1. Tell me, which strands (runs of 3 or more DSSP E) wholly within region 138-219 include 1 or more residues that are open to solvent by less than 40 Å² (accessible area, probe 1.4 Å) and not charged (D, E, K, R)?
2. With the checklist (1) assigned to a helix (DSSP H, G or I); (2) surrounded by fewer than 15 Cβ atoms within 10 Å (Cβ to Cβ); (3) in contact (Cβ under 8 Å) with a residue 40 or more places away in the chain in hand, flag the one item Tyr4 doesn't pass.
3. On the given criteria, is Val144 aliphatic (A, V, I, L, M) and under 14 Å from the mean Cα position of the chain (by Cα)?
4. Condition first: assigned to a loop (DSSP other than H, G, I, E, B), open to solvent by 20 Å² or more (accessible area, probe 1.4 Å), within 20 Å of Pro169 (Cβ to Cβ) and polar (S, T, N, Q). Now tell me which residues in region 40-90 satisfy that.
5. If you go through region 168-219 one residue at a time, how many are in contact with a Lys or Arg (Cβ under 8 Å, 6 or more places away or on another chain) and of a type in the set (Ser, Thr, Tyr)?
6. May I ask you to verify whether Met154 is in contact with a Leu (Cβ under 6 Å, 6 or more places away or on another chain), under 20 Å from Ile20 (Cα atoms) and in contact (Cβ under 8 Å) with a residue 12 or more places away in the chain?
7. Taking the conditions exactly as written (more than 27 Å from Glu196 (Cβ to Cβ), in contact with a helix residue (DSSP H, G or I) (Cβ under 7 Å, 6 or more places away or on another chain) and open to solvent by less than 10 Å² (accessible area, probe 1.4 Å)), does Leu37 satisfy them or not?
8. Of all residues in region 100-114 being of a type in the set (A, V, I, L, M, F, W, C) and not in a loop (DSSP other than H, G, I, E, B), which is nearest to the chain's Cα centre (by Cα)?
Amino acid sequence: MAGYFDRQIKLMGEEALKGIRSKKVAIIGSGGLGCSLGIALAGSGVGELHLVDFDTVSLSNIHRQIAFKMEDIGKPKCKILGELLLARSEEGLKILSFEESLQEYASRGLEVDLIMDATDNLPSRAEIDKLAKERRIPWIYASVEEWHGQVCFMDKADFSAFRVSDRKPGGIATPIVMNIASFSANMALRFLAGLEVKRDCLHYCTLNEGYLKVFHYKMA
């Protein structure tokens, strides 16, 4: 593992990296957040990633969904993302791509250590929360819109605290997607490595006034 993970080993040590490589993570959604999450977690040594997304690449996706190129238009997002992650990762990474809905994926009964939200709507997140609670698996909520985003490590907190509707985000700045995905991935990495993580606290990050503000709200 030395070489590829040299900088990470200097930070955490080889034992922590071995632990991370034994973990399985499901990323629900292979769009903007999912692309950046996949690249960050695969590059951090997570041993097995489940990529769940039934959508295909469209022109309007590419500016913020950094795994995709123009020639990928019309192709399944989860499969293209999976191919990229394997191409840039050290041998040993296992990628399972599921071109299907969350409900279909859930019916498979596969076991993971953590679920990452990379969806773009509240009903899907409510379904993730339901699945996580049934399986007693923690999950990380992440959302972006305009110049702001939210992240929360959901453990005891219930997603019913949010007003669930079918509203989807409007405009989105490309960098905030990567910013929130990075925040979410760092939280996941700390959890998978056995390090301290602040649970059930909503982090609201905004650049609306031209500089970064972060607000914290207790969720449980």
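The values are calculated or read from the model by the stated rules, or taken from the named source; none is laboratory data. Predicted model, so just to flag it, every value in this text is computed and none were measured. Here the Cβ positions follow ideal geometry from the backbone for every residue, glycine too, while neighbour counts run over all protein chains shown. These area figures cover heavy atoms from the full protein model, side chains too; ligands, DNA and RNA do not enter into them. Shrake-Rupley method; radii C 1.70, N 1.55, O 1.52, S 1.80 Å.
1. Result: 139-145, 148-154, 201-206.
2. For Tyr4, the failing item is (1).
3. So Val144 passes the test.
4. The one that is assigned to a loop (DSSP other than H, G, I, E, B), open to solvent by 20 Å² or more (accessible area, probe 1.4 Å), within 20 Å of Pro169 (Cβ to Cβ) and polar (S, T, N, Q): Ser58.
5. Result for region 168-219: 2.
6. no
7. no
8. Checked region 100-114; the qualifying residue nearest to the chain's Cα centre (by Cα) is Leu114.
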